[in-house]
Amino acid sequence: MRPAEMVYNKEKGLDEFIDFAREEKGLDLSVYRSTFVNRRLLVRMSYCKADAVSDYIYVLKNNPPEWDNFLRSLSINVSEFFRDKDVFNFFYNNCLKEIIRSKESKNHRMINFWSAGCSYGEEPYTLAIMLLESLKERSKFIPRVLATDADTQALSVAKEGMFKEGAVKNVSSSLLRRYFTRTSFGKWSVNDSVKRIVLFKKHNLFDKPLFNYMDAVFCRNVRIYFDKKKAQHVLMHIHSSLRKGGYLVLGKVETVPVFLEKYFVVIEKCYKIFQKK
Ligand SMILES: C[S@@+](CC[C@H](N)C(=O)[O-])C[C@H]1O[C@@H](n2cnc3c(N)ncnc32)[C@H](O)[C@@H]1O
């Protein structure tokens, strides 16, 4: 038996850890199966030679890179097209349709989305596909997806738009046919019609936003890397980049800081979708 397993009180320890993740890191672990979180926690505790959860929390507080190791062990850093499909379905049916209706009534042509912390590009390309699908017969619209990340290497991979089978597993066969080309190396290449509307830029979320008047900002699985104060800073930057009535999508695993409700109306609690007041 490994040391971590000897003194680890499963339920008590897990609850303590879930509270820590929620309060200190803005990560809602309740969306995962508890056995899954428990296994990952035990592995990381054992690796760090922490006998009790409180010891592991001490390690996390004093050695920030270990939080990244824990997130990696949950595969939070691995993205994919239509990640959490239900979030996209909700957004498509409720928010995007409302955005288009409102633009049509005001005769506005631009639709601007921002994927903040876009990683290797799966999220912004998904948004671009969603826009192309919903605007099919409305050629007067000009859709644009701005995609930023602090990681230069991730951005250069993203610009290439080449993805392994696993990244497109949630993409329906009709969308695959319309927006991707299968390469001779068994990868999927994003078509130019999609690439054309995505603009990649290097940007650190702690810096002033590069854009304003955004109709929607997706910032999923990013805030959990920051401590409370920095997370608040980032959210206020995003708030300033949105137009009034624009949407903020934080996704399933983020927790919602209380101050947010001063600036946003809650549209969907579970997917953490908000609208700027
Ligand atoms: C887990 S990925 C999220 C990808 C995508 N949003 C998703 O949900 O699938 C987190 C991304 O946040 C980026 N990131 C972390 N800190 C950042 C910062 N301060 N500014 C900009 N991007 C940051 C990382 O480089 C990484 O690509």
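Just so you know, all these numbers are worked out from the coordinates, no wet-lab data involved. Worth saying up front: this structure is predicted, and the values here are computed from it rather than measured. Here the Cβ positions follow ideal geometry from the backbone for every residue, glycine too, while neighbour counts run over all protein chains shown.
So here's what we get for this one:
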{"read-out": "Ranked list, fewest to most other Cβ atoms within 10 Å of each Cβ, for Asp149, Asp86", "value": "Asp86, Asp149"}
{"read-out": "Helix-only CD estimate at 222 nm, as mean residue ellipticity for the chain, using -39500 (n - 2.57) per DSSP H run (n ≥ 4)", "value": "-12500 deg cm²/dmol"}
{"read-out": "Dipole of the stretch 85-276, positive end: most advanced residue of Val222, Phe88, Asn112 [Cβ charges, Cα centre]", "value": "Asn112"}
{"read-out": "Selected from Ser119, Ser241, Ser73 as most flexible by GNM, with the chain as the system and alpha-carbon contacts under 10 Å", "value": "Ser73"}
{"read-out": "Helix 34-47 vs. the chain, principal-axis angle (Cα, 0 to 90°, nearest 10)", "value": "60"}
{"read-out": "Lysine pairs in the stretch 38-122 with Cα atoms under 26 Å, if 8 or more residues apart or on separate chains", "value": "4"}
{"read-out": "Crossing angle, helix 122-134 versus the chain [Cα axis fit, 0-90 degrees, rounded to tens]", "value": "30"}
{"read-out": "Interchain or long-range residues, amide H under 5 Å from Met214's placed H", "value": "Leu242, Arg243"}
{"read-out": "Hz values of 3J(HN,Hα) by residue in the stretch 222-232 - Karplus curve (6.51, -1.76, 1.60), Gly and Pro given as x", "value": "10, 4, 5, 7, 10, 7, 3, 5, 5, 4, 5"}
{"read-out": "Folded to 0 to 90 degrees: helix 53-62 orientation relative to the chain principal axis, Cα", "value": "60"}
{"read-out": "Mean-position separation - Cα centroids, the stretch 121-170 and the stretch 52-76, in angstrom", "value": "31"}
{"read-out": "Net charge dipole size for the chain [Lys, Arg +1 and Asp, Glu -1 on Cβ; Debye, nearest 20]", "value": "1060"}
